[in-house]
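Each remark here refers to the structure printed beneath this line.
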Amino acid sequence: MRLPVGEILAAIDRRAPFASAAEWDAVGLQIGDPERKVSAVAVAHEITTTVLDGIVSVGAELVVTYHPLLFRPLSSITAVPGAEGRVFALTERRVAVISVHTNWDAAPGGTSDSLATALEIRDSEGFASSMTGAGDQIWFGRCGSFGGSVGDLADLAEARLGARPRLSGSPGRVVRRVAVLPGSGGSQVEEAISAGADAYVTGDVSHHEARRAADSGMVMVDAGHAPTERPGVRALYDLVAGIVDRPVELVGGDDNPWGH
């Protein structure tokens, strides 16, 4: 069955409203004609050169990405390495692109909820707020109960996310309350502390952010940017597969630049 790109866009919007994205974010239809009907739909963590090759090989007419392809203004669209070249290649092949990002983080069952579920965090509630473009406050992280030690949390992260995390505390320490924020959440350390977290799982944590967490008594669990987003990308795959009512090709995994 062929569906208009705009119909797929609207279905995603109902589940994870694009208006709920952070005001600095770039989400929605980034390339393509909303009236064009498509049947071959791909889902990807982000569009890299490797993922672009996969999109072309499966003959996708629309790709739904978690990381926006167009995040900053481009001064040209030419066949060069980087985002400019990927936009050129996709437009040349008439491949539409829909990007979700922080709206999927905030959505029920989205990236943050999926990460909390993967790490067996219970009764989670929102933390780490930001303002939407409409001026509303939205919560992009989750904080809830955990029954186990720091080592147990690290083992779960390795098993469920595919990466052994860096720890700023003793593996034997028991933690009762854990905060999670997929992707790059180091700048939300203070909010995790304020939420009463004994441990905070995120990625891209700097030396000084880890030091602040340690000084406060909170354990920092840096599981990596892409790994902490993997459960949410799998959930995005399920969302899109339900909308288009046909198998959806998950192209290229997350194509992590760190190689794992």
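The values are calculated or read from the model by the stated rules, or taken from the named source; none is laboratory data. Quick caveat: nothing in here was measured; it's all calculated off a predicted structure. Note: ideal-geometry Cβ built from the backbone for every residue, glycine included; neighbour counts use all protein chains shown.
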Scan the range 205-220 and tell me whether some residue there is assigned by TED's automatic domain parsing to the domain that holds S129, hydrophobic (A, V, I, L, M, F, W, C), over 23 Å from A107 (Cα atoms) and in contact with a Leu (Cβ under 9 Å, 6 or more places away or on another chain). yes
Filter the range 142-155 down to residues that are touching a Leu at 6+ places or on another chain (Cβ under 9 Å) and outside any strand (DSSP E or B) and give me whichever is farthest from V201 (Cα to Cα). G151
Which of the residues that make up the range 99-128 are loosely packed, with under 15 Cβ neighbours inside 10 Å and either touching a residue at least 40 places away in the same chain (Cβ under 8 Å) or touching a Phe, Trp or Tyr at 6+ places or on another chain (Cβ under 9 Å) (or both)? R122, E125
Go through (1) out of contact with any helix residue (DSSP H, G or I) (no Cβ under 8 Å at 6 or more places or on another chain); (2) surrounded by fewer than 16 Cβ atoms within 10 Å (Cβ to Cβ); (3) under 22 Å from D245 (Cα atoms) and name the single condition D53 misses. (3)
Which numbered condition trips up R246, out of (1) assigned by TED's automatic domain parsing to the domain that holds L62; (2) surrounded by 23 or more Cβ atoms within 10 Å (Cβ to Cβ); (3) farther than 21 Å from P68 by Cβ? (2)
Scan the range 11-18 and tell me whether some residue there is crowded, with 20+ Cβ neighbours inside 10 Å, touching a strand residue (DSSP E or B) at 6+ places or on another chain (Cβ under 9 Å), under 20 Å from R230 (Cα atoms) and of a type outside the set (V, I, T). no
Considering only the range 75-119, state which residues are modelled with pLDDT under 95 and among the aromatic types (F, W, Y). F88
